[in-house]
Amino acid sequence: MQTWLEGDAFYCYVGNKGFEDMDKLEIEGGVPLNGDVEAGGSKNASLPILFASILTSEKIEFTRLPDLKDVSTTLELLRGIGARTELGKNSASVEISSLASTEAPYDLVRTMRASILMLGPLLARARKAKVSLPGGCAIGARPVDLHLSGLEKMGATFRLEDGYVIGECPNGLRGAKISSRVPSVGATENLLMAASLAEGETILENAAREPEIVDLAKMLRAMGANISGEGSSELRIRGVSSLRGVNWRVMFDRIEAGTLLLAGPITGGKVCVRGVDAECLDAFSKKLMECGVRVTAGSDWIAAEGMGERPISFSTAPYPDYPTDLQAQLMAFLAQVPGESVAEETIFENRFMHIPELNRMGASIRIEGARAIIAGRRDCFGGATVMATDLRASASLVLAGLSARGTTNVRRIYHLDRGYESLEKKLSRLGAQILRKAE
């Protein structure tokens with residue numbers, strides 16, 4: 001791999017092979033998608049709960065793990081510090097009876113920003129950690145200062161050396177009151193894990209409220225942690241001396257679920273996504289309904305139909321507001337809803353990179369600072385060859401291709417494969433004419 005750093009994010013290219021040797025998706029559009037599809041396990045929940053296995057010497061059994069590159073990289077990182085792992089179909093067991101290392105090396109970390117989540121658990125268990133600065137999608141700055149400042153308040157010290165964050169806490173971590181200037185998901189997860197084994201009580205103020213954090217807190221509590229307040233902006237953690245093993249089923253992937261759900265309305269069909277908690281998709285489904293899509297839900301499913309009749313405006317914001325990870329997908333949908341819609345991105349400054357590619361397919365979208373003005377019109381998309389620029393941009397191009405007249409080729413889908421397990425197979429079950437091909 002070859003990478004270069006922009007802020008705290010990496011562009012990741014495959015150096016020797018070149019783009020021509022990668023896979024692409026070939027889509028014959030214009031086919032209404034209909035039917036039921038099962039949501040997979042959440043990538044964003046899987047990574048922190050896998051790193052939480054560092055906190056115990058006992059075995060943890062995971063089920064509904066998505067088969068994704070980031071998950072396999074996480075398991076490789078854990079094996080590198082001494083974990084014994086057994087893999088099954090969407091399942092794994094992890095046991096770290098003793099730590100063989102406290103280092104997360106650059107060769108693995110460079111493709112995945114979530115690797116910074118090793119820092120808190122390693123400090124809590126081993127009182128030292130050496131973690132390479134992380135990579136991931138190039139969608140803007142992803143500062144790690146909130147992770148470090150919080151852990152410093154708990155007694156850790158850090159230095160930056162040769163691209164590594166090196167942390168120590170010879171006397172162990174201790175509870176502290178930590179107020180974050182913004183509700184950071186990663187920092188909340190890191191501090192939550194670290195505080196579970198710290199001495200005394202830790203209070204996290206302005207904590208992130210995402211369902212993936214709730215999933216992590218519930219698993220830690222099942223392991224014996226003393227945690228309250230998950231899902232709110234204040235978390236309280238009273239540290240315990242040790243944690244035990246547990247069997248844990250990963251929550252559903254709400255971003256994958258939202259993407260699959262849109263595949264119905266954007267093609268003029270109806271899709272039902274099963275295995276979900278519809279409440280976690282509330283902000284997303286409300287925007288669809290505001291636009292005229294018919295959304296129905298039950299105890300473990302959500303369905304959508306109707307191509308949309310009215311333009312809307314929306315802004316991304318931390319949970320429970322509209323998720324930035326579904327911004328690009330909704331924009332593709334709004335491009336074919338008649339009238340002027342407005343999308344405002346408040347989380348990542350570089351998350352409009354999909355717009356030129358959507359415009360190449362026939363959309364009419366212009367950028368005004370942090371706002372995208374979408375001049376929607378029915379049947380705007382035509383087939384084209386497009387380049388994915390990041391994970392969620394990839395999904396927006398696939399949705400546009402499903403709606404388009406003619407053939408769309410989506411290239412650089414290694415981005416897509418970081419967050420969607422066999423998306424083309426799930427779409428095919430709904431009737432999509434979509435194939436994975438070598439470039």
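The values are calculated or read from the model by the stated rules, or taken from the named source; none is laboratory data. Since the model is a prediction, treat every value here as computed from it, not as a measurement. Here the Cβ is made from the backbone with ideal geometry for all residues, glycine too, and neighbour counts use every protein chain on show.
Tabulated data for the structure shown
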{"quantity": "Boolean, A372 is surrounded by 14 or more Cβ atoms within 10 Å (Cβ to Cβ), touching a residue at least 24 places away in the same chain (Cβ under 8 Å), under 14 Å from L330 (Cβ atoms) and not acidic (D, E)", "calculated": "yes"}
{"quantity": "Candidates F381, F333, filtered to the one that is in contact with a Ser or Thr (Cβ under 8 Å, 6 or more places away or on another chain), within 19 Å of I27 (Cα to Cα) and either of a type outside the set (A, V, I, L, M, F, W, C) or touching a residue at least 12 places away in the same chain (Cβ under 8 Å) (or both)", "calculated": "F381"}
{"quantity": "Matching residues in the range 215-251 - criterion: being charged (D, E, K, R) and touching a Phe, Trp or Tyr at 6+ places or on another chain (Cβ under 9 Å)", "calculated": "D215, K218, R249"}
{"quantity": "Of all residues making up the range 430-439, the number that are part of a loop (DSSP other than H, G, I, E, B) and either of a type in the set (K, R) or at pLDDT 95 or above (or both)", "calculated": "3"}
{"quantity": "Residue check, R209 of a type in the set (D, E, K, R), assigned by TED's automatic domain parsing to the domain that holds C169 and over 20 Å from S42 (Cα atoms)", "calculated": "no"}
{"quantity": "Within the range 11-49, tally of residues that are more than 17 Å from the chain's Cα centre (by Cα), on the phi < 0 side of the Ramachandran plot and modelled with pLDDT of 95 or more", "calculated": "13"}
{"quantity": "Tabulated pairs, the range 214-228, first within 13 Å of E189 (Cβ to Cβ), second of a type in the set (F, W, Y), C-beta under 8 angstrom, 6+ apart or interchain", "calculated": "M219/W248"}
{"quantity": "Helices (runs of 4 or more DSSP H) lying entirely in the range 88-204 (those with 1 or more residues that are of a type in the set (K, R) and at pLDDT 95 or above)", "calculated": "119-126, 145-153"}
{"quantity": "Criterion (in contact with a helix residue (DSSP H, G or I) (Cβ under 9 Å, 6 or more places away or on another chain) and buried (at least 22 other Cβ atoms within 10 Å of the Cβ)) met by exactly one of E103, E168, E189", "calculated": "E189"}
{"quantity": "Where a residue in the range 32-61 is surrounded by fewer than 24 Cβ atoms within 10 Å (Cβ to Cβ) and its partner, wherever it lies, is in a strand (DSSP E or B) and polar (S, T, N, Q), with Cβ under 7 Å and at least six apart", "calculated": "K59/S93; E61/S93; E61/N247"}
{"quantity": "All positions within the range 301-316 that are modelled with pLDDT under 95 and within 22 Å of the chain's Cα centre (by Cα)", "calculated": "none"}
{"quantity": "Flag if A370 is small (G, A, S), in the same structural domain as A328 (by TED's automatic domain parsing), under 22 Å from the mean Cα position of the chain (by Cα) and over 19 Å from G308 (Cα atoms)", "calculated": "yes"}
{"quantity": "Strands (runs of 3 or more DSSP E) lying entirely in the range 259-311 (those with 2 or more residues that are assigned by TED's automatic domain parsing to the domain that holds L391 and small (G, A, S))", "calculated": "301-305"}
{"quantity": "When residues of the range 221-238 are limited to those that are hydrophobic (A, V, I, L, M, F, W, C) and in a loop (DSSP other than H, G, I, E, B), the one surrounded by the fewest Cβ atoms within 10 Å (Cβ to Cβ)", "calculated": "M223"}
{"quantity": "Residues satisfying the stated conditions in the range 41-87, i.e. part of a loop (DSSP other than H, G, I, E, B) and polar (S, T, N, Q)", "calculated": "S42, T56, S57"}
{"quantity": "Residue match in the range 282-300 (condition: surrounded by 23 or more Cβ atoms within 10 Å (Cβ to Cβ) and within 18 Å of the chain's Cα centre (by Cα))", "calculated": "yes"}
